[in-house]
Amino acid sequence: MESQIPDQQDLALTLKQFTYDSALEANELRLLQPDGVHEGHLSFRLIHVARTEARLYTAISYTWGDENESEPILLNGQLFYIRPNLWSCLYHIGRAARNSSWRYLWVDAICINQDDIAERNSQVREMDQTYCRALYVSVWLGLGAQSHPSTTSAQAGQGNPFDWRDSIADLASHSYWTRKWTIQEFMLGRCIEVYPGDNRRVDWEVFHHEMYSRLSDRLRMISFNSFAAAPFLMARTDNLYPFTYHSLHVLIEKHCRTACKDPRDAVFALLGLVPHEERRLLIKFFPDYNIPEHHVRIIAVAHCRQNPKSRVWAYSREFFQGLGVEDDSEMARIWRRSEKFNYLDDRPSGQMLEVLRLHDQLEKHGVLFTEDWQDTSSEKGHSVLSRVTQFLLDIVGSSYPSP
């Protein structure tokens, strides 16, 4: 018997708020099993499994959106709030589960405890495996401009249907294709199914053919590359897929116009597409959501500078744009800081991050990272040395005067 959910106004009074019972290890994941998807209400069982035992699941690839978590669902009979776009996604894809070869769903906003940074770090580190090993990756493109029912309405999904083929230009410009995380999710999936509106499912081969042919035929006067979906269409073709990995600097530049909510994801979201030998160097630091965003940028730049296969310069504008840096002075600052950071040092990452924090304090005290401080005989060098000494005295709380 399907779970019953009270009216939304009674939820807070009748249901207990959901809490995660335990943290996930890197070799584990949570999956959603549809328990009741009807009359505009959603109910799921959230199960905890070893990655090696996770088989028949689809990994959802979607955009979070800017809305608050306002829409209620049930997880194991308890109340959980999600964003409207995800609610619509789970409603329609959940209904499609009845006729699918997969039986479970994986979605980051629910299957990872977003409030547990340690769990987020370990799960994001394995994100490429989550999508690689999924039976399908389900791409949710939303309901289209002609069909946007209220997510809390009992008539959800019963708006006026639209023909996705007639909306192909809009779908090719959908915000999905502009997000940093969707690159990895889309590229690593073994089988892609697209949901271009309500619960209809379209195989990627059909969607790819329709989008490519219709855009080419009907929009000859517009550059095909002007559509956000173009890189995805060209990347997943018979002669280019499976995906070939690229160095971090290439990925950052190639996807410099994509966006992410958390600036650190400009790097973290691409890690699954980096060659394994290069990634072994990066995982010493990444992903770690405890690291400040400017330190993530400094480490990423230091990594690319010290990688003999990378060609990154102080004013590689597309590279810095990909890191979320547009200002010339900030580009110069990060470049200068990265030059003084020995990325390949054998010391533990914790000690090296302490060095970055120390550099923050030196910078705060006006100590620029130039060669001036090494020449204490010069007036400029003596001035820099004075500020360094004062900084060190401030740390130990000494009252001794600076030189």
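Residue by residue, here is whether (1) among the hydrophobic types (A, V, I, L, M, F, W, C); (2) touching a helix residue (DSSP H, G or I) at 6+ places or on another chain (Cβ under 6 Å); (3) without any contact (Cβ under 8 Å) to a residue 40 or more places away in the chain holds:
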| site | (1), (2), (3) |
| --- | --- |
| Arg45 | no, no, yes |
| Thr52 | no, no, yes |
| Thr63 | no, yes, no |
| Ser100 | no, no, no |
| Thr130 | no, no, no |
Checklist outcome for this item: Of the candidates Leu29, Leu15, Leu11, the one satisfying the condition of being at pLDDT 90 or above and open to solvent by less than 80 Å² (accessible area, probe 1.4 Å) is Leu29
Checklist entry - Quick check: anything in region 325-332 assigned to a helix (DSSP H, G or I) and open to solvent by 70 Å² or more (accessible area, probe 1.4 Å)? => result yes
Checklist entry - Which ranges mark the helices (runs of 4 or more DSSP H) fully within region 159-250 that have 3 or more residues being modelled with pLDDT of 85 or more? => result 168-172, 180-188, 204-218
Checklist entry - In region 347-370, what residues are more than 18 Å from Arg305 (Cβ to Cβ) and assigned to a loop (DSSP other than H, G, I, E, B)? => result Arg347, Pro348, His365, Gly366, Val367, Leu368
Checklist outcome for this item: Across region 258-270, the tally of residues that are within 23 Å of Lys309 (Cβ to Cβ) and open to solvent by 10 Å² or more (accessible area, probe 1.4 Å) stands at 1
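The values are calculated or read from the model by the stated rules, or taken from the named source; none is laboratory data. Note that the structure is a prediction, hence the values are computed from the model and not measured. Methodologically, a virtual Cβ is constructed for each residue, glycine included, from the backbone with ideal geometry; neighbour enumeration extends over all protein chains shown. Just so you know, the surface numbers come from the protein's heavy atoms only, side chains and all, with ligands and any DNA or RNA stripped out. Shrake-Rupley method; radii C 1.70, N 1.55, O 1.52, S 1.80 Å.
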